[in-house]
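Below you'll find the structure, written out as structure tokens, and then a few comments.
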């Protein structure tokens with residue numbers, strides 16, 4: 001490749017779903033004053049966040065997706081294995097995966113975010129000084 005095409009390829013970096021999702025969770029915690037409330041344990045805080053965020057715009061599971069089809073396609077570049085892992089582990093029905101190209105990339109992006117949500121919440125909480133307290 002030469003010219004602009006070569007530069008574009010060189011500048012393409014694999015989207016880091018974990019990092020982006022953790023940042024979104026940290027912003028959600030801050031913007032919604034989540035830490036102003038009392039929780040019995042870090043586990044309870046984690047469960048509360050998981051329940052709140054599962055159906056939220058942060059994961060794109062709120063009736064509208066996280067981003068445009070074009071952005072989701074960029075995010076998925078280099079993350080196909082993660083997408084397959086997500087839809088397999090979450091038990092997605094392959095018959096329900098959209099057949100429209102724009103919808104399928106947005107669906108896969110959402111599935112990855114849902115798949116990573118549990119761990120990324122813990123990553124965010126650890127960054128805020130919480131420790132996992134599961135027994």
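Taken together, the values in this text are just the output of simple stated rules run on the coordinates, not laboratory data. Just so it is clear, the model here is predicted, and its values are computed rather than measured. Using ideal geometry, Cβ is built from the backbone for each residue, glycine included, and neighbour counts are taken over all protein chains shown.
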Quiz item: Which label marks the calculated value of Cα extents along the principal axes in Å, given the options (1) 62, 41, 33; (2) 40, 29, 28; (3) 57, 37, 27?
Solution: (3)
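Would you order 56, 68 from fewest to most other beta-carbon atoms within 10 Å of each residue's own beta-carbon? Let's see the in-between values first.
Numbers: 56 18, 68 12.
The fewest-first ordering by Cβ neighbours comes to 68, 56.
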Quiz item: How fast does segment 75-135 diffuse by Stokes-Einstein, in µm²/s, taking the Kirkwood radius from C-alpha pairs at 10 °C and 1.306 mPa s?
Solution: 122 µm²/s
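Can you tell me how much longer the chain between residue 31 and residue 93 gets when fully stretched, taken as 0.36 nm per residue apart minus their C-alpha distance, in nm with one decimal?
Numbers: separation 62, 0.36 × 62 = 22.32 nm, distance 3.45 nm.
Fully extending the segment from residue 31 to residue 93 adds 18.9 nm.
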Quiz item: Picking from 108, 125, 90, which is most flexible by a Gaussian network model of the chain using Cα springs under 10 Å?
Solution: 90
Exercise. Pairs of Cα atoms under 8 Å, at least six residues apart: use those to get the relative contact order of the chain, whole percent.
Key: 35 percent
